[in-house]
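The values are calculated or read from the model by the stated rules, or taken from the named source; none is laboratory data. Computed from a predicted structure; not experimentally measured. Heads up: the accessible areas ignore ligands, DNA and RNA and are worked out on the full protein's heavy atoms, side chains in. Shrake-Rupley method; radii C 1.70, N 1.55, O 1.52, S 1.80 Å.
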Amino acid sequence: MTAAELRWLRSGLGISQKQLANMLGVTNRTVIRWEAESTPIGLRHERAIHDVATELRSIPAHERPQRDPRGGLRLRAVDSVVLETRRVFFGDE
C-alpha cells in the first residue's frame, strides 16, 4: 500500500489520522509518517488497515463516524469494530 492509497482510503472512510491510529493501536505520528512516506507500512498493519476499511464499509451509512462540531469524531458502531480488530490482530483484550 502506498502513502497516497492510504490517504485516499482513510479520507474515503471519513476518519482522521488520529482515529485510524487508535483503530490500529499505533501512534498518530506513525500514521503521519506512513502518509508522508517517511516510514513504510508493515504487512501486518497493511492487512489490519484493509480489514478496518472492510468493516467500516459494512456499517450502515447512518451509523458510520460522524464529524463532531468540536472537530472530533463520534463513533458509535465503529467502537466495536475497533475493539474486535485490535483483539484479532494484536491480541488486545
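Of the residues in the stretch 7-24, how many are at positive phi and either under 8 Å from the mean Cα position of the chain (by Cα) or open to solvent by 50 Å² or more (accessible area, probe 1.4 Å) (or both)?
Number satisfying all stated conditions: 0.
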- Task: Could you check residue 41 against (1) in a loop (DSSP other than H, G, I, E, B); (2) under 17 Å from residue 55 (Cα atoms) and say which number it fails?
- Result: (2)
- Item | Pick from the stretch 31-45, criterion open to solvent by 50 Å² or more (accessible area, probe 1.4 Å) and small (Gly, Ala, Ser), ranking: nearest to residue 18 (Cα to Cα) | 36
- State which residue is modelled with the highest pLDDT when the search covers only the stretch 1-38 and only residues that are under 27 Å from residue 60 (Cα atoms) and part of a loop (DSSP other than H, G, I, E, B). 26
